[in-house]
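The values are calculated or read from the model by the stated rules, or taken from the named source; none is laboratory data. Computed from a predicted model, the values in this text were never measured in an experiment. Here the Cβ is made from the backbone with ideal geometry for all residues, glycine too, and neighbour counts use every protein chain on show. For the accessible areas, the whole protein counts, side chains as well, though only heavy atoms, and no ligand, DNA or RNA atoms are used. Shrake-Rupley method; radii C 1.70, N 1.55, O 1.52, S 1.80 Å.
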Amino acid sequence: MYLVLRRGAIAQLARAGELAGAAAVACLRSFGDDPEHRDAIATWRKRPGKVCLRARTMAQWEQVLAEPHALAGEPDGEAVAALPPRPRSQRGPLLERLQAMSTALEPAPARPDARDARHALTYALNPAATMSSGKTLAQIAHAAVMADDTRALDDWVAAGCTGRVLAPDAAGYAALSARDDCVARVVDAGLTEIAPGTVTVVALAPGPASALGERLR
């Protein structure tokens with residue numbers, strides 16, 4: 001699956017992560033039963049890789065939006081487009097021209113905003129896994145898809161896959177990853193950037209920030 005952002009459109013990692021997760025879930029739900037894409041998606045699910053790319057110009061972004069895709073956000077503002085999975089050999093000239101997403105984004109907060117009452121999935125990044133922005137967004141998208149695959153979060157999906165991304169310290173991450181409301185735990189295959197078997201992101205069931213507990217405030 002290819003996730004595409006427009007250069008300069010999103011400044012914060014937390015916002016980009018929320019949109020990447022929403023776009024990935026929308027893509028699979030939109031194209032999973034489409035005769036043109038369902039076989040490729042079924043094959044992809046056996047090894048669900050994701051690549052995050054950057055459209056450098058508005059012209060490139062418009063070309064991406066002309067392809068079959070699912071979009072989270074506003075096309076002229078903050079947005080992530082997810083293109084249905086296909087073999088790398090069939091990615092086509094447009095995706096071949098796009099660069100890997102490596103833009104430095106404003107880091108995600110270590111703690112949630114206590115005023116955040118949204119019924120949001122919480123993505124907690126493992127502080128021991130150092131990743132580029134593009135890799136981080138791909139891992140968050142993995143977590144979103146895994147959470148959706150439980151088929152227990154239809155209300156969350158219907159509400160637009162609201163998410164909050166946190167980058168806690170080691171103690172905070174340990175507290176979050178040990179919770180019993182974990183709905184996804186992403187273990188990386190180790191093909192790029194980090195060692196195989198590394199847990200990169202855990203996702204906690206949708207709820208307000210207050211549900212995350214006092215230790216993170």
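The share of accessible area on segment 41-105 that comes from carbon and sulfur is 50 percent, using a 1.4 angstrom probe.
Spin-label model, residue 187/residue 158: points 7 Å from Cα along the beta carbon direction are separated by 3.4 nm. Across segment 127-192, C-alpha contacts under 8 Å between residues 6 or more apart give a mean separation that, scaled by the residue count, equals a relative contact order of 50 percent.
Counting only C-alpha contacts under 8 Å and six or more residues apart, can you give the relative contact order of segment 1-116 as a whole percent?
So the answer I get is 44 percent.
Using C-alpha pairs below 8 Å separated by at least 6 residues, the relative contact order for segment 73-217 is 33 percent. Send over a whole-number figure in Å² for the accessible area per residue of the chain, probe 1.4 Å. Ligands and nucleic acids excluded, the result is 47 Å² per residue. Of interest is the spacing of the C-alpha centroids, which for segment 86-134 and segment 10-44 amounts to 13 Å.
Taking the C-alpha atoms only, the angle from helix 133-149 to the longest principal axis of the chain is near 80 degrees. When you filter the trypsin sites (Lys or Arg not before Pro) in segment 22-58 for DSSP loop state and at most 12 other Cβ atoms inside 10 Å of their Cβ, you are left with 46. Estimated from helical segments only, the mean residue ellipticity of the chain at 222 nm is -9500 deg cm²/dmol, where each DSSP H run of four or more residues counts as -39500 (n - 2.57). For residue 150 and residue 106, the FRET efficiency from 1/(1 + (r/R0)^6), where r spans their Cβ atoms and R0 equals 41 Å, is about 0.85.
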